[in-house]
Amino acid sequence: MKACHKCGEEKPLDGFYKSPCARDGRDNTCKECRKARVRQNRADKIDYYREYDRRRGNRHGPGYLKQYRKQNAIKQQAHNRVNHALIDGRIERPDGCEVCNESRFTLHAHHDDYLRQLDVRWLCPGCHHQWHAEHGEAANAGHPPLPRGVFRGA
């Protein structure tokens, strides 16, 4: 147990962030007080942080997006086909994630196979991330794009 310097409450050690400078290896301010201080600092200096975030937003060089799209052409093509099918009404985005039924987030169209470009499963960001963490990249991710007029859907 340790007392927070800010609020004075006694809390277990895991209620404090690790700090190599402290004798016991934990910061002197509890996590809640630290978070409150950070939020207040951002609010006090919001103009500075907004400008910082704007500058930081595009961290890649000017040719990055073009190079990424070239290296991942089949992915880009599949994403575009799904977007156009949504706009045209050929497919619909469901209300909830296919795994957890979560409906608070915009669902991602996940491809198990990039050659089957409209064969997607609709996942919330968390389930989508978890799927890739467990299974890795989808099939045919390195495949060249399909020629114009060749279309493999669901």
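Among the conditions (1) touching a Ser or Thr at 6+ places or on another chain (Cβ under 8 Å); (2) exposed (fewer than 11 other Cβ atoms within 10 Å of the Cβ), Cys4 misses just one, which is (2). Looking at (1) surrounded by 14 or more Cβ atoms within 10 Å (Cβ to Cβ); (2) within 27 Å of His129 (Cβ to Cβ); (3) in contact with a helix residue (DSSP H, G or I) (Cβ under 8 Å, 6 or more places away or on another chain), which one does Arg81 not meet, given that it meets all the others? It fails just one condition, (3). Please tell me if Glu98 is assigned by TED's automatic domain parsing to the domain that holds Trp131, surrounded by 10 or more Cβ atoms within 10 Å (Cβ to Cβ) and closer than 30 Å to Leu123 by Cβ. Taking the combined requirement at face value, the residue satisfies it. Of everything in region 1-48 that is assigned to a helix (DSSP H, G or I) and touching a residue at least 12 places away in the same chain (Cβ under 8 Å), the residue that is farthest from the chain's Cα centre (by Cα) is Leu13. Consider region 84-110 and keep the residues that are among the β-branched types (Val, Ile, Thr) and under 20 Å from the mean Cα position of the chain (by Cα). The one that is farthest from His132 (Cα to Cα) is Thr106.
The values are calculated or read from the model by the stated rules, or taken from the named source; none is laboratory data. None of the values given here were measured: they were computed from a predicted structure. Here the Cβ is made from the backbone with ideal geometry for all residues, glycine too, and neighbour counts use every protein chain on show.
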